[in-house]
Amino acid sequence: MNNELRGRLIALDSSRKFSKLGIFDSTENPKYICFEKGSTPNGEVRAYLIRNPDNEEFVNRQVDHGDIVRLKGSYKTINGEVIFVAEKGSVLSKCEDGRKSPIFDLSSKVREATILRSNILKLTRDYFSDKGFAEVTSPILLPFYEGGDADPFVTLDKDKRELFLKETNELILRRLISCGLGPVYEIGRSFRNIGTNRGSISEFSVVESAIPYASLSEGIDFAEGLLKHIL
């Protein structure tokens, strides 16, 4: 069997000592490097790095989040479980400022939330498609402000023209159905300069739709049907 494991480091305990490190190889399952005792999800290969001064230097000073690392060692079977015993670890490529980036936090909750969001978006698109809606994508940077009382994010292009980050899809969708295109919907990003706290965030995704000549009760029935379809 191969005497090397290579992959990107995606988890590192804050203590940086004798804890679980996770590396991901695109061709295989995620693998974990456990210092002394550690637990990993079922079905994944566990790897142990032999404790010595060189390996402690590797853990404490050399490796960090996002780094691509290589472990040299061999596979062994202990109590019926195949594990990888690494004699040496090295950094193949450093990831700039990786330890400060949440992108490498692939905990079970993050994985579940990512997959759940992907499935919800797929089901949402399926529902709208079955109802005869056209999906549209409107510009994020707009030359006009149409966010009501919400404060916009404002920027300038290279010609010093003022541009606004889109705060809502609603008015653009209304314009489309007034031009004869409909029904339509959009799953897009919205930006509102309201700060970030427990009750609000400045950037978020929103699903909005526009149906020509629909009544309030028809809109309510449609929204309830979407929720039932997703559930």
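The values are calculated or read from the model by the stated rules, or taken from the named source; none is laboratory data. Given the structure is predicted, the values throughout are model-derived calculations rather than measurements. Counting neighbours? That spans all protein chains shown, and the Cβs are built from the backbone with ideal geometry, glycine included. Surface areas here come from the heavy atoms of the whole protein model, side chains and all, with no ligands, DNA or RNA. Shrake-Rupley method; radii C 1.70, N 1.55, O 1.52, S 1.80 Å.
Key figures
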| read-out | value |
| --- | --- |
| Failed item in (1) in a strand (DSSP E or B); (2) in contact (Cβ under 8 Å) with a residue 24 or more places away in the chain; (3) open to solvent by less than 80 Å² (accessible area, probe 1.4 Å); (4) not small (G, A, S), with F164 passing the rest | (2) |
| Cβ-Cβ under 6 Å pairs, at least 6 apart or on other chains, the stretch 78-89 side without any contact (Cβ under 8 Å) to a residue 24 or more places away in the chain and within 24 Å of E56 (Cα to Cα), far side of a type in the set (A, V, I, L, M, F, W, C) and surrounded by fewer than 11 Cβ atoms within 10 Å (Cβ to Cβ) | none |
| Those residues of the stretch 187-231 which are in a strand (DSSP E or B) and of a type in the set (G, A, S), in sequence order | G188, S190, S200, S205, S209, A210 |
| Residue match in the stretch 183-205 (condition: closer than 22 Å to S138 by Cβ, in contact (Cβ under 8 Å) with a residue 60 or more places away in the chain, of a type in the set (G, A, S) and surrounded by 10 or more Cβ atoms within 10 Å (Cβ to Cβ)) | no |
| Pairs where the first residue, in the stretch 50-66, is under 20 Å from F84 (Cα atoms) and without any contact (Cβ under 8 Å) to a residue 60 or more places away in the chain and the second is in a loop (DSSP other than H, G, I, E, B) and among the acidic types (D, E), C-beta under 8 Å, 6+ apart | R51/E36 |
| Boolean, S217 is more than 28 Å from D151 (Cα to Cα) and open to solvent by less than 80 Å² (accessible area, probe 1.4 Å) | yes |
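Residues checked against (1) at pLDDT below 90; (2) in contact with a His (Cβ under 7 Å, 6 or more places away or on another chain); (3) polar (S, T, N, Q); (4) under 20 Å from G188 (Cβ atoms):
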{"residue": "F104", "(1), (2), (3), (4)": "yes, yes, no, no"}
{"residue": "E112", "(1), (2), (3), (4)": "yes, no, no, no"}
{"residue": "A134", "(1), (2), (3), (4)": "no, no, no, yes"}
{"residue": "T137", "(1), (2), (3), (4)": "no, no, yes, yes"}
{"residue": "D149", "(1), (2), (3), (4)": "yes, no, no, no"}
{"residue": "V154", "(1), (2), (3), (4)": "no, no, no, yes"}
{"residue": "F164", "(1), (2), (3), (4)": "no, no, no, yes"}
